[in-house]
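The values are calculated or read from the model by the stated rules, or taken from the named source; none is laboratory data. Since this is a predicted model, take the numbers as computed values, not measurements. Note that we place each Cβ from the backbone using ideal geometry, even for glycine, and neighbour counts take in every protein chain shown.
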Amino acid sequence: MGTKFLKTIVGLALCASSFAYADAAYPNKTITMVVPFAAGGPTDTVARLVAQSMTGTLKQTVIVENVGGAGGTIGAARVAKSAPDGYTVFLHHIGQSTAPTLYRKLSYNAVDDFEPVGLITDVPMTFIARGDFPAKDFKEFVAYVKANKSKVTYANAGVGSASHLCGMLFMTAIDTELTTVPYKGTGPAMNDLLGGQVDFMCDQTTNTTSQIKGGKVKAYAVTTKTRVPSLPNIPTAAEAGLPGFEVAVWHGLYAPKGTPKPVIQKLEAALQIALKDPTVKQRFADLGTEPVSSDRATPEALRAFLKSEIAKWAPIIKKAGVYAD
Ligand code: ASP
């Protein structure tokens with residue numbers, strides 16, 4: 001009995017020290033950054049910029065893996081069940097805070113199953129339509145959509161995505177139900193918009209800026225309180241006729257629950273460096289956004305913000321009465 005007890009103690013001590021050793025050696029292999037949307041879209045764009053900088057800092061490749069579908073909840077579920085060893089991290093947006101209310105059942109808990117690393121950026125959204133959409137400004141756009149509600153189609157990245165949230169708020173604001181077309185991300189949705197297969201969407205500037213500037217899509221409004229400096233001619237939705245309409249898409253970095261603190265600290269330090277990286281800052285600026293301040297790129301700030309966003313959106317979603325199974 002005594003020997004067995006001793007063996008257990010020795011075993012536990014060895015185990016603890018090998019964990020400590022593993023933390024010290026971290027990272028010694030490729031890290032996978034799961035993005036819960038298709039490649040080529042706005043979340044993917046943010047993730048690839050951050051992953052590239054973190055690769056340089058951590059001296060290990062951080063690869064982006066796109067696990068799209070169901071508005072980001074398939075990717076989130078996958079990360080929630082991944083090994084908490086620091087080799088799987090998760091870059092998601094505002095959807096982490098809206099899915100818990102939008103979905104009647106989720107196989108994961110958005111707060112309890114993740115270890116926050118830090119906030120990354122807040123990205124404005126834009127109302128855009130196919131290049132030949134018959135409306136010259138936001139007022140005409142709203143009038144046309146209302147008059148043609150049975151045929152106008154609205155692309156989004158599924159229930160739980162930012163594009164879905166923006167569309168849901170828009171439909172509530174103009175009191176009009178529209179046909180939505182869900183994609184695994186707004187990267188592929190943009191392709192269909194450019195091809196004229198769908199009529200419009202509301203999407204992050206990180207996906208829409210170059211198409212707007214290149215004149216490939218019509219842009220009617222931005223969703224932030226003030227105009228976006230890189231798109232100065234586009235009015236805010238509030239200015240253009242929807243008072244109080246406001247939604248900005250924040251992004252955060254997470255790891256699975258139980259990831260050791262020293263590993264989270266290394267990830268946080270690498271994230272902080274990425275957000276000060278001149279290349280990241282410049283690309284973010286080109287795409288209508290900027291990194292958050294370093295006091296927000298912390299586990300504590302993301303944890304508190306996620307909880308406050310869940311509390312903020314729950315009553316709004318419940319009022320809109322939109323739910324998914
Ligand atoms: N912009 C998308 C959304 O609506 C997601 C993406 O493809 O990045 O949430």
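Summary of computed values
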quantity: Conditions (1) among the small types (G, A, S); (2) more than 19 Å from F114 (Cβ to Cβ); (3) in a helix (DSSP H, G or I); (4) in contact with a strand residue (DSSP E or B) (Cβ under 7 Å, 6 or more places away or on another chain): number failed by A285; calculated: (4)
quantity: Boolean, T186 is within 12 Å of the ligand (Cβ to nearest atom), touching a Ser or Thr at 6+ places or on another chain (Cβ under 7 Å) and among the hydroxyl-bearing types (S, T, Y); calculated: yes
quantity: Failed item, numbered, when G158 is tested on (1) within 9 Å of the ligand (Cβ to nearest atom); (2) at pLDDT 95 or above; (3) touching a His at 6+ places or on another chain (Cβ under 9 Å); calculated: (2)
quantity: Selected residue [touching a residue at least 60 places away in the same chain (Cβ under 8 Å) and either crowded, with 24+ Cβ neighbours inside 10 Å or within 16 Å of the ligand (Cβ to nearest atom) (or both)] from T57, T45; calculated: T45
quantity: Residue that is in contact with a Phe, Trp or Tyr (Cβ under 9 Å, 6 or more places away or on another chain) and closer than 29 Å to Q211 by Cβ, where the choices are L253, L271; calculated: L253
quantity: Some residue of the range 306-321 being touching a His at 6+ places or on another chain (Cβ under 9 Å), under 30 Å from D175 (Cβ atoms) and not basic (K, R); calculated: no
quantity: Residues (part of a helix (DSSP H, G or I) and polar (S, T, N, Q)) located in the range 288-325; calculated: S308
quantity: Residue that is nearest to E65 (Cα to Cα) [pool: residues in the range 161-183 that are away from the ligand (no atom under 15 Å from the Cβ), touching a residue at least 12 places away in the same chain (Cβ under 8 Å) and not in a helix (DSSP H, G or I)]; calculated: T179
quantity: Verdict on T259 being out of contact with any Pro (no Cβ under 6 Å at 6 or more places or on another chain) and either surrounded by fewer than 19 Cβ atoms within 10 Å (Cβ to Cβ) or on the phi < 0 side of the Ramachandran plot (or both); calculated: no
quantity: Cβ-Cβ under 8 Å pairs, at least 6 apart or on other chains, the range 89-102 side farther than 24 Å from T55 by Cβ and away from the ligand (no atom under 14 Å from the Cβ), far side β-branched (V, I, T) and at pLDDT below 95; calculated: T101/I317
quantity: Residue check, K218 farther than 29 Å from N109 by Cα, basic (K, R) and either within 13 Å of the ligand (Cβ to nearest atom) or surrounded by 17 or more Cβ atoms within 10 Å (Cβ to Cβ) (or both); calculated: yes
quantity: Given (1) touching a residue at least 60 places away in the same chain (Cβ under 8 Å); (2) crowded, with 23+ Cβ neighbours inside 10 Å; (3) not hydroxyl-bearing (S, T, Y), number of the condition A155 does not satisfy; calculated: (1)
quantity: Inter-residue pairs, beta-carbon under 8 Å, first without any contact (Cβ under 8 Å) to a residue 12 or more places away in the chain and in the range 196-211, second within 13 Å of the ligand (Cβ to nearest atom) and in a strand (DSSP E or B), 6+ apart; calculated: none
quantity: Subset of the range 233-271 that is out of contact with any Gly (no Cβ under 7 Å at 6 or more places or on another chain) and of a type in the set (S, T, N, Q) - its residue that is nearest to the ligand (Cβ to nearest atom); calculated: T236
quantity: Every residue from the range 246-265 that is of a type in the set (G, A, S) and modelled with pLDDT under 95; calculated: A248
quantity: Given (1) buried (at least 23 other Cβ atoms within 10 Å of the Cβ); (2) farther than 16 Å from F305 by Cα; (3) not aliphatic (A, V, I, L, M), number of the condition Q96 does not satisfy; calculated: (2)
quantity: Residue list for the range 82-137, filter: of a type in the set (G, A, S) and farther than 21 Å from D44 by Cβ; calculated: A83, G86, S107, A129, G131, A135
